[in-house]
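Inspection log for the structure reproduced underneath, given as C-alpha cells.
What follows draws every value from the coordinates through simple rules; no lab data is involved. Keep in mind it's a predicted model, so treat the numbers as computed, not measured. Positions of Cβ are backbone-derived with ideal geometry, glycine not excepted, and every protein chain shown enters the neighbour counts.
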2 protein chains.
Amino acid sequence: MVALGGNAIKQAHEKGTTLEQFLNCKKTATLLAQVVKRMGPEDRLVITHGNGPQVGNLAVQQDMAKDAIPPQDLDILGAMTQGQIGYMLQQMLDNQLRDLGVRMPVVAVVNRVQVNRNDPEFQGENASKPVGNFLTEAEVKEIKKKHPEYIFKKVKPTGERCWRRVVPSPDPVANVEAEAIKRMVDAGIIVIASGGGGIPVVLDPDGHNRGVEAVIDKDLAGERLAEVVNADTFLILTDVERVKLNFGKPDERQISRMTIAEAKRYLKEGHFLAGSMGPKVKACIRFIEWGGKRAIISSLDKVTEALDGKTGTEIVKG
Amino acid sequence: MVALGGNAIKQAHEKGTTLEQFLNCKKTATLLAQVVKRMGPEDRLVITHGNGPQVGNLAVQQDMAKDAIPPQDLDILGAMTQGQIGYMLQQMLDNQLRDLGVRMPVVAVVNRVQVNRNDPEFQGENASKPVGNFLTEAEVKEIKKKHPEYIFKKVKPTGERCWRRVVPSPDPVANVEAEAIKRMVDAGIIVIASGGGGIPVVLDPDGHNRGVEAVIDKDLAGERLAEVVNADTFLILTDVERVKLNFGKPDERQISRMTIAEAKRYLKEGHFLAGSMGPKVKACIRFIEWGGKRAIISSLDKVTEALDGKTGTEIVKG
C-alpha cells in the first residue's frame, strides 16, 4: 500500500497545467513501475494519492463561473479529482508497465470513505481544513448570506484577503468500497483508490450513504485502505527522505526508526506539523497497531531504497 | 450491459445543480436496482453513461476562470466527469441495493477508450462534435491566436454567438481497461465504465497511450464494452420508448422490431439523427453483428418492460 504525496502529481511552484501534471505523474509512475517489477507473483500494489491543489483549483473555477454554472458540492469536486488524478496515474503507470513488459492491469476507482456525523470536526467552529480562495471580510459576508452554514476563519494575521472557508476534516471510519477493492486486488489488479482521502460520506439513519462537505486526510484514509486489502507494508511517500525531530531548529535530526511509543511522545511534544507530518506519523502508528508489518515514511524518489530498508523512517511496534 | 442516456443524470430543462443530478440518479438507480433484483446468481450488470451536459459545464467553468487557473485538456475533463457521474450513480445504486437487501458491490472505474489517429474525424475540418460555449467571431479569432489547431464551426445560421468549437468524434476501437473490467465483472462487481464514451486515447508508436482532444459517442463505446464483458443483452436507455420512422412527420410511426438489414436501410434513408438516434441504432447493429443476443433501445422508465420484451425497439439478426 503506497500513499503518494502532493509532489507526485504537482510541484508546489507549478501552476498545474495538464502537461505539468502528466510529467510529474510520469516520473512517479516510472518509480512505481520499478516497485511492480520487483514484486513476486503473490504480491499486490494498491495506490492512494492526495488532491489538495487539484480540488482547490476546481473550487476556484466553480466559484468564478458561479453566475453561469451551478457550483458542485465538495463531495462532487472530490469525485472529479479522483477521475482526474486517477486517469493521469493510471495512464502513466500502465505505459511504464508496458515498457517493462509487465502485464498487470491498473485501474482507478471512485471511492467513498465513511466518516462519523458526530466527529468533533463537525461540531461548531471546530472545522480545520481550509479550502478554496483567500477572501476579504466583505466577500465572507456575501457568501454567508447564501450559505449561512459555511465556516470561515482568519488564516493570515494581516492583509485584506486573510479569510478562508474551512471544512471539517473528520477521521476516516471505513472504506465503503472495501469489498469491491478486495476482490479487485485478489483478481491481480493494481488499484488506485481512496484518492484525496476518499469522497466523504456519512451513513444516514435510513441506511443510505450521503456525501458531506468535508475533506479527509489522505494518509489516514490510506491507512484504512491498507487494512481493507490486508497490506503488510504501508509506505507513505512525501518530499522528505526521513521524518525529522526539532524540524527547522538548530538541533534538527533525522529519525530512521521509532517505536509506536516514541512516535506518540513526539506527536504530543509537537514535533510534527498538524496538516503535514502529523497525520502521516499517526497513520503509521495505526497501521502497526492494527497488525501491519512495516510502516515507512520516505520520499518518492527513494521508494526502492525505502522498501529495501536503506532509508526512510520506519515506525515499529516496540 | 446498459447504456444510460443524458436524462438519467440531468433533465434538459435543469441547470445541473448537485441536488438535481443526485435526484435524477436516484430515480435511475431505483429502476436499475429492480433489474439487479431480478438477476440470477450468474447474471451480471455493467453500466455506461453519457456526460454531455457535465463536460460542457466543466469546460465553461474552466474557460471562465482561465486567467487564474490553467484550464485542463478535454481528456482530463472527461476523466473528471467519470468521477463525478460515477460517484452519483454508484452512491445512489448502492443505496437502493441496500434497501432491497442485495449485497453486490458497485464501482465506477476510470476508463480509457482507444481511437485511431487516422480516423476521418481527425482529418482537416471533419471534426463534428460541438463542445463548450457559443462564441462570437471575435472570440473565435482570439482563441485561434492561442490555439491555432482548434476548429470552429458556425452552428447557427444567425445571431452574434453562432460559433462553437468542434472536436473529433472518432469511432471507438478498443476499451483499454478491458482486462480489468472483465476480471471485476467475473468477481461479481457491478461496474460503471466507459463514462462519457470513455477517455479518448491514441496508441503512439512507442507503445504508450496518450490522451487526445476528442469526444467518443457513448453508445458506440458502450457497444465495445458490451463485447469486452461478453454481454448477451445490450440495452440503450434514452427518453423515447421506441425508435421512430419519419420522426416528426405526419406519417411518423414507432418500430418494435427491425432486422439489421432494415436498420441499415433506415439509417441510409436518414430516419435517425446523427448525434442522437443514429449512433444508438448503429451500436445495436454492431452488437448483433458481433454475436450479441439482444439489442434493445427503449426509455429509462420502461427498463423492466423492455427487458421483458413488452416495449422498446429490438434490433434482430434477420
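Taking a temperature of 20 °C and a viscosity of 1.002 mPa s, what whole-number D in µm²/s does Stokes-Einstein yield for the stretch A:64-118 with Rh from Kirkwood over alpha carbon pairs?
Working: Rh = 13.9 Å.
Translational diffusion coefficient: 154 µm²/s.
Just the Cα atoms of the stretch A:8-66, one point each, no solvent: what log10 I(q)/I(0) does Debye give at q = 0.12 Å⁻¹?
Here the Debye-derived log intensity ratios amount to -0.42.
In debye, nearest 20, what is the charge dipole magnitude of the stretch A:1-121 about its Cα centre with +1 on Lys and Arg Cβ and -1 on Asp and Glu Cβ, if you could check? If you can, show how the numbers build up before the last one.
On the way: 12 positive and 12 negative charges, 100 e Å.
With Lys and Arg at +1 and Asp and Glu at -1, about 480 debye.
What angle, in degrees between 0 and 90 and rounded to the nearest 10, separates the Cα long axis of helix A:218-228 from the longest principal axis of the Cα atoms of chain A?
Long axis of A:218-228 versus the principal axis of chain A: about 50 degrees.
With Rg and the Kirkwood Rh both taken from Cα atoms, where does Rg over Rh land for the stretch B:114-174? List each step's numbers first, then the result.
On the way: Rg = 12.8 Å, Rh = 12.4 Å.
Result for the stretch B:114-174 is an Rg/Rh of 1.03.
Report, as an integer, the average count of C-beta atoms from other chains found within 10 Å of each Cβ along B:106-117.
Values: counts 3, 12, 8, 12, 17, 5, 4, 0, 0, 0, 0, 0.
If you average over the peptide's residues, the count of other-chain Cβ atoms is 5.
For the protein assembly as shown, give the share of DSSP beta bridges that are antiparallel, in percent and rounded to the nearest 5; count only bridges with both residues there. Intermediate results must be reported in sequence, preceding the final value.
Numbers: 41 of 87 bridges.
Given both bridge residues lie in the protein assembly as shown, the antiparallel proportion sits at roughly 45 percent.
How far apart, in nm, are the 7 Å Cα→Cβ label points at B:Lys268 and A:Lys141?
7.2
Since chains B and A are linked by a rotation, which residue in B has the beta carbon closest to its axis, and how far is it in Å?
B:Gly83, 1
Would you kindly work out the equivalent ellipsoid of the stretch A:131-266 from its C-alpha gyration tensor and give its semi-axes, the square roots of five times the eigenvalues, largest first in whole Å? Provide the component values of the computation, followed by the final result.
On the way: eigenvalues 212, 155, 30 Å².
They are 33, 28, 12 Å, listed from largest to smallest.
For label points placed 7 Å from Cα toward Cβ, what is the shortest-first list of nm distances from A:Asp232 to its copies?
4.3
From the label point of B:Gly291, set 7 Å along Cα to the beta carbon, how far off in nm is each other copy's matching point, shortest first?
4.5
Report, please, the projected area of chain B averaged over directions, based on the convex hull of its C-alpha atoms, in nm². Walk me through the numbers before you get to the answer.
Values: hull surface 71.3 nm².
One quarter of the hull surface, i.e. the mean projection, equals 17.8 nm².
Mind checking A:66-74 for the average number of partner chain beta-carbons within 10 Å of each residue's beta-carbon? Don't skip to the end; give the middle numbers.
Numbers: counts 2, 1, 7, 10, 9, 3, 9, 4, 1.
The shielding value for this peptide is 5.
Hey, which of these cross-link pairs are over 26 Å Cα-Cα: B:Lys129/B:Lys302; A:Lys66/B:Lys66; B:Lys145/B:Lys282; A:Lys249/A:Lys317? Don't jump to the answer; show the numbers that get you there.
Details: B:Lys129/B:Lys302 29 Å; A:Lys66/B:Lys66 14 Å; B:Lys145/B:Lys282 38 Å; A:Lys249/A:Lys317 28 Å.
As for pairs spanning more than 26 Å Cα to Cα, those are B:Lys129/B:Lys302; B:Lys145/B:Lys282; A:Lys249/A:Lys317.
Across chain A, where is the longest run that never hits GluC sites (Glu not before Pro) in a DSSP loop with at most 16 other C-beta atoms within 10 Å? Can you show the working numbers first?
Working: sites that count: A:Glu14, A:Glu42, A:Glu125, A:Glu149, A:Glu160, A:Glu252, A:Glu269.
The segment A:161-251 is the longest one with no such site.
Along the positive direction of the dipole of chain A (beta-carbon charges: Lys, Arg +1; Asp, Glu -1; about the Cα centre), which of A:His147, A:Asn175, A:Leu45 reaches farthest?
It is A:Leu45.
Taking R0 as 22 Å, what's the FRET efficiency between B:Asp43 and B:Leu23 from their Cβ-Cβ distance, rounded to 0.05? Before the final figure, lay out each step's value.
On the way: r = 28 Å, r/R0 = 1.27.
In this case the efficiency is close to 0.20.
For a quick check, take a GNM of chain A with Cα springs below 10 Å and name the residue from A:Ile296, A:Ile199, A:Ile76 with the largest mean-square fluctuation.
Comparing A:Ile296, A:Ile199, A:Ile76 in the GNM, the peak value goes to A:Ile76.
Of B:Pro148, B:Pro105, B:Pro250, which is the most mobile in a GNM of chain B whose springs link Cα atoms less than 10 angstrom apart?
B:Pro250
Under the definition of partner shielding as Cβ atoms of other protein chains within 10 Å of a residue Cβ, what is the mean value for peptide A:93-102? Walk me through the intermediate numbers first.
Values: counts 0, 6, 6, 1, 0, 5, 3, 0, 0, 0.
Average per residue, whole number: 2.
Equivalent ellipsoid semi-axes for the protein assembly as shown, as square roots of 5 times the alpha carbon gyration tensor eigenvalues: give them largest first, rounded to whole Å. Don't jump to the answer; show the numbers that get you there.
Numbers: eigenvalues 352, 156, 115 Å².
That gives 42, 28, 24 Å for the three semi-axes.
I'd like the orientation of helix A:137-146 relative to chain A: the angle between its Cα long axis and the longest Cα principal axis, in ° from 0 to 90, rounded to 10.
Between the helix axis and the principal axis of chain A, the angle is about 90 degrees.
What fraction of the DSSP beta bridges in the stretch A:72-200 is antiparallel, stated in percent and rounded to the nearest 5? If you can, show how the numbers build up before the last one.
Values: 11 of 16 bridges.
If we restrict to bridges inside the stretch A:72-200, about 70 percent are antiparallel.
Please state the equivalent ellipsoid semi-axes for the stretch B:40-152: what are the square roots of 5 times the Cα gyration tensor eigenvalues, largest first, in whole Å? It would help to have the intermediate numbers written out before the result.
Numbers: eigenvalues 270, 66, 23 Å².
Rounded to whole Å, the semi-axes are 37, 18, 11.
Can you compute the charge dipole magnitude of chain B about its Cα centre, using +1 on each Lys and Arg Cβ and -1 on each Asp and Glu Cβ, nothing else charged? Give it in debye, rounded to the nearest 20. Kindly include the intermediate steps, with their values, before the conclusion.
On the way: 44 positive and 41 negative charges, 118 e Å.
Roughly 560 debye for chain B.
Roughly how compact is the stretch A:243-318, stated as its Cα Rg over 2.2 N^0.38 Å to two decimals? Don't skip to the answer; put the middle values down first.
Numbers: Rg = 11.9 Å, N = 76, 2.2 N^0.38 = 11.4 Å.
In units of the 2.2 N^0.38 Å rule of thumb, it is 1.04.
Suppose every Lys and Arg Cβ carries +1 and every Asp and Glu Cβ carries -1, with no other charges. What dipole size does the protein assembly as shown come out with about its Cα centre, to the nearest 20 debye?
Numbers: 88 positive and 82 negative charges, 40 e Å.
It works out to roughly 200 debye.
If you fit an axis through the alpha-carbon atoms of helix A:277-290 and take the longest principal axis of the Cα set of chain A, what angle between them do you get, 0 to 90°, nearest 10?
50
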